[in-house]
1. Report the residue count in the stretch A:160-184 for those that are at the interface with chain B (Cβ under 7 Å from one of its Cβ atoms), closer than 15 Å to A:ALA139 by Cα and free of Cβ contacts under 8 Å to residues at least 60 places away in the same chain.
2. Which of the numbered conditions does A:ARG94 fail, given that it passes all the others? Conditions: (1) assigned to a helix (DSSP H, G or I); (2) in contact with a helix residue (DSSP H, G or I) (Cβ under 6 Å, 6 or more places away or on another chain).
3. Within the stretch A:215-230, identify whether any single residue is assigned to a helix (DSSP H, G or I), buried (at least 19 other Cβ atoms within 10 Å of the Cβ) and within 12 Å of chain C (Cβ to nearest Cβ), and answer yes or no.
4. Given the structure, is C:GLY410 modelled with pLDDT of 85 or more, of a type in the set (Gly, Ala, Ser), within 28 Å of the chain's Cα centre (by Cα) and surrounded by fewer than 22 Cβ atoms within 10 Å (Cβ to Cβ)?
5. Do you know which residues across the stretch C:477-490 are more than 16 Å from C:HIS228 (Cβ to Cβ), surrounded by fewer than 24 Cβ atoms within 10 Å (Cβ to Cβ) and of a type outside the set (Gly, Ala, Ser)?
6. Scan the stretch C:92-109 and tell me whether some residue there is in contact with an Asp or Glu (Cβ under 8 Å, 6 or more places away or on another chain), within 30 Å of C:LEU270 (Cα to Cα) and at pLDDT below 90.
7. Out of all the residues in the stretch C:539-554, which are surrounded by fewer than 18 Cβ atoms within 10 Å (Cβ to Cβ) and either of a type outside the set (Val, Ile, Thr) or at pLDDT below 85 (or both)?
8. Give the number of residues within the stretch A:277-294 that are touching a helix residue (DSSP H, G or I) at 6+ places or on another chain (Cβ under 7 Å) and more than 7 Å from chain B (Cβ to nearest Cβ).
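The values are calculated or read from the model by the stated rules, or taken from the named source; none is laboratory data. None of these values were measured; they are calculated from a predicted model. Ideal geometry is used to build each Cβ from the backbone, glycine not excepted, and the neighbour counts take in all protein chains shown.
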Amino acid sequence: MRLPPHPDRPGTTSPKLSAAARASTVAYVLRRCGYFVVVVFSVYTLSFFLLYALPSDPVALMLERRSAGAGGSTSEQVEALRAQYGLDQPLLVRYIETLGQLLSGDPGTSFQSGRPVPEIIGAVAPNTLGLAAGGLVIAIPLSLALALATSWRQGSALHRMLVNVPALVAAVPAFWLGLLLLQLFSFTLGWAPSAGGTGLSALVLPSVALALPVSASLTAVLVRGLDDVQRADFVELLRARGLPWRRVYLAHVARNALLPFVTLAGLTVGGVLVGTVITETVFARAGLGRLLASSVETQDAPVILAIAVLAAVLFAAVNLAVDLLYPILDPRTRHRGSGARA
Amino acid sequence: MTVTTAPPITSRRRASSVPVLALAFLGLAGVAALLPKAVAPHDPFAQDVSQRLRPPSAEHLFGTDELGRDLLSRVVHGTQASLSIALLAVAFAFVASLVIGLTAGYFGGVVDRVLMAVVDVLLALPSLLISLLIVSGLGTGAVNLAVAVGIASVPALARVTRAEVLGVSARTFVEAAKGFGLPGRRVLLRHVLPHARGPITALVALELATMVLSVSALSFLGYGTQPPDPEWGNLIAGGRDYFATAWWLTTLPGAVLAGVVLALHRVGRGLGGSEVGPA
Amino acid sequence: MSIVEKAAAPGTLLRLEGLRVAYPGGPAAVDGLSVTVPSGSSVAIVGESGSGKSTTLHALLGLTPRTAHVSFDRLEFDSGNGSGAGAGAGGLRRIEDPRELRGRSVGLVPQDPIRSLDPLMRIGAHFAELHRHFLGLTDRAESRVRTIASLEAVGVDRPELRLRQYPHELSGGQRQRILIALALIGEPRLLLADEPTSNLDATVQRRVLDLFDEVRTARGLSVLLVTHDIAVAGERADHLVVMRAGRVVESGTADEVLGDPKDPYTRQLLTSLPSALPARPAFRAESPPRVVLEARDLTKSFAGGRGQERVDAVREVSLTLHRGQTVAVVGESGAGKSTLLRLLTGLERADSGAVLLDGDEVRGSGGGGGGGGGGRFDRFGRKARADFARRVQLVYQNPARSLNPSLPVGRVIAEPLEAHRVGGARSRAERVRELLEQVELPADIAERRPGQLSGGQAQRVAIARALALEPEVVVLDEPVSALDQAVQFALLRLLGELQQRLGIAYLLVSHDLGVVRAVADEVIVMHRGRVEERGATGSVFTAPASPRTRALLDAVPVLKSSLSLSSSASSVPSASSHDRTSQP
């Protein structure tokens, strides 16, 4: 719908103002990038102190587990291990050292297995990325279609019925939903492999289980947006002009409602990634989620820290992308440089 | 100044009458949590190997587990653990976020900016991840779980509280009260809080539902109440090993859990909240 | 009750009979309404809020919400087969579904130009969409040419530039012109205008209404105007339909209705114009003059958007207010009226300049650093703050919003007394009764909640609260603009009486020049933060020095009714020719 640029367009805005606007755009981008750094750094700090400054002692736990079959351990062994992992250093020194290590790309070695963290993460990350991608591929079209169908006719029977679906799904615990799916499709119907497995067929059921809770909240937000936009004056006016409802709904209502929806991208990606903790446990798949769950149990601090920082980088990157894109999508937020969120 | 005819169907409050069924169900769950011994038909720990993995029957409405324990009794006793952890988490979250939200919303300025910057950073992370981080720091167990789940929901709640306080503070009657010289503290207590209270109460019900879900999910992962003590999440986790043959072990506790969450949503919606979507 | 029976004769464009609209669980919003629009003429439906005039308009296009029950006995429209105005008889066709009329037969011009354009679409795209729909025109260049032509036709400047702009980049007046141009694309024979100017400044309002007249005569259209303002209706329409509570109480040609109103309600509308208020005696300051509130060179600027300069909201404004005097501040929106008012009441702090109360400077009113949201006068003590609050009180534009809905009226009124620890519980209750009596409300209203009051009652409560501490100055921020005309009238009269009795000084901010003229002793005309003109009300209104003031004055619609003392620009209203005893 963009009109071709006109050859003799008179200056839209005075040159002085557009220079100011450009400067403000640069400032906006810089501020958003700065925010990205702050988020990741804060998550690192928070995770570090939660993991290392709190009362529990990872070394004791580690030794207890490692030597479960081989009798107790001596205090010398404990001291040696503490020194090996740098745990004898003061907290602040370790905080700075760990930060330096992370920045140079070395998150250290696992307390539990003694293997380097990148190796552990690298081994399972592809599984999780595949699952998360599968979840998104299902969740986004599903919630779009459901929301568009729900909001098509305000006050209709269909609307009244469908509007409750997201609420219903959101009330069901995600892990229970996964188990029900597994029971129904693997054990009763035998359509899908029950656990583990590779390939596409093994990916479908977990992806659905992962996508459903995410779709529920996405759909609910989208329906609310669509319903709100339909009440706007300009929609009524377009109807009064005699435009067909299909046109008004898709070209105007949906477009306006999808805009704030974009800002949910970060939350969606976050929801899907974190959902893998549950989904991978339920479906007994190897992956980052399950690695995180087991590391939390064994208090394997280096692994947890690495996963937390990685997650923070991902979420913050998605949010950054949305923030930078938003002014392009919504003309009203251009040249203003204020926060992009509605 | 014509008021155009607003579609009357949008009124949330009118649409929701008193949710009798939901309240009754919650009442039942409440009784089960307070007096599990009076409600449960059997001893939740009494094993009977001859009766192991029996499907639901008149004697055992929910069937029995792998040790022959009555599942219904275990679910009833689990109610106490699940609901008390969730309530503790809600209490914790609300006190913290009310303090943060009220302070930021009412005082504004630098206080607001600093507090909201912290909240925004935390909001950038999914709450389950925050809970997991805290659990790994504090270790597993019921109280630690409550703290973990509670803290994880503080950022979102603090934002909502602040927005609510700001919304009410911007209303003309609050400015009017400041205008005729009412001291700030009294404006806050008398004009701002009573009006923020309604939406916040609705939020309590909805947040309780979220907490019940989070607590059970973390228990399912094994961070909460440890077996043999029953709790909804760990009952479902325990049933996984048998669920090819004994469907009731996972399905029925899960149904009770989903029922409680639904009922809480219904009540929350009745109070004017909205149940799904990011806060 | 159609306008005239002969309307069935050739030349009728629209005939609607027996329209009924009801919402579930409520009384009929419109009950048996009939209206006829002759071709080429303009008809106005006049009524106060809740009279059903907007519902009528929505029903005419099938835009009422699904839950509404709509029925009519007969709807006929002359779609004029190809011929222009004055199409022959027999063109009148029965319409079963009002949705048929949308766009091609009837063009709607909405009430709120700000929210009536899709914010994500450029102006050009709005036109292109309708060109495609109505004319099947898909060629962009052609659509562009047509758009520029139609923008020029409705007087939008620099149309090439506008094409590429988004709605939020245009002013309200420009948007309303664009909306008119959009309504004309389907070449409708009837324009429906829903309070098309009520959200615009007076000067813009006049130009937009002129545009309606131009378009109507140039294209031979008819206009059905819906408005609450009988003066606008009387000035612009050939026929008037007066509605009240869903029914037509009177209809006829404008001259008939205004010249010889039959229905008591119409009479009341005409006699409750502000110009019918009793004349004010010329203001004479006490000797020695007692200045209760004074502002010296107040300046306040706000940060503009990012990368933009600061905007001066108020620049070097001074004023003096004597005991018992009313000073009005007028100007278009954005002129700095509200900021000035907030500076004078201490809700905002000036960058420079000073506010003086009884000759003493209010500390903290000018200069000084920033402060937080709760920081009114936070640089100085409670005592000074309390003192100021006691002596200067504010009455807000929207009475319903300025009262805490959860407190009973008695508590609302007593609250300033409690805040300043005046008297005990019993004496406060006594004072509340006294105040209610002063604002002419029954004593039992103290038990009710603000939500149960009408707009006029709520504003009286707000005034009672403002008077509780016996202030010397009451600042009135558009005190009657949210109220219906008759209620406005009664409230203005009350304010005048209270002033005479209690010797309060009023500082009035209003966009309604009729109100200002009727109640103010002195007028300050503001433009872009500066004082454009000031002087005694009579002289400013009769001999404005500034062209901007003149433009403002010209924009006020003039009512040609024999009943009202219309504000003909040459005479100061006088009490002599008017009997003001019959006010209900």
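1. Residues flagged as at the interface with chain B (Cβ under 7 Å from one of its Cβ atoms), closer than 15 Å to A:ALA139 by Cα and free of Cβ contacts under 8 Å to residues at least 60 places away in the same chain within the stretch A:160-184 amount to 2.
2. If we test A:ARG94 against (1) assigned to a helix (DSSP H, G or I); (2) in contact with a helix residue (DSSP H, G or I) (Cβ under 6 Å, 6 or more places away or on another chain), just (2) comes out false.
3. Yes.
4. Numbers: modelled with pLDDT of 85 or more: yes; of a type in the set (Gly, Ala, Ser): yes; within 28 Å of the chain's Cα centre (by Cα): no; surrounded by fewer than 22 Cβ atoms within 10 Å (Cβ to Cβ): yes.
Criteria not met by C:GLY410.
5. So in the stretch C:477-490, the residues more than 16 Å from C:HIS228 (Cβ to Cβ) come out as C:477, C:479, C:490.
Those still in the list that are surrounded by fewer than 24 Cβ atoms within 10 Å (Cβ to Cβ) too: C:477, C:490.
Residue satisfying the conditions is C:ASP477 alone.
6. Within the stretch C:92-109, none of the residues are in contact with an Asp or Glu (Cβ under 8 Å, 6 or more places away or on another chain), within 30 Å of C:LEU270 (Cα to Cα) and at pLDDT below 90.
7. Initial filter on the stretch C:539-554 (surrounded by fewer than 18 Cβ atoms within 10 Å (Cβ to Cβ)): C:539, C:542-543, C:545-547, C:550-551, C:554.
If the condition is that a residue be surrounded by fewer than 18 Cβ atoms within 10 Å (Cβ to Cβ) and either of a type outside the set (Val, Ile, Thr) or at pLDDT below 85 (or both), then C:SER539, C:ALA543, C:ALA545, C:SER546, C:PRO547, C:ARG550, C:ALA551, C:ASP554 are the ones that fit.
8. Filtering the stretch A:277-294 down to residues touching a helix residue (DSSP H, G or I) at 6+ places or on another chain (Cβ under 7 Å) leaves A:277-283, A:285-293.
From the residues that got through so far, the ones that are more than 7 Å from chain B (Cβ to nearest Cβ) too are A:279-280, A:282-283, A:285-291.
Number satisfying all stated conditions: 11.
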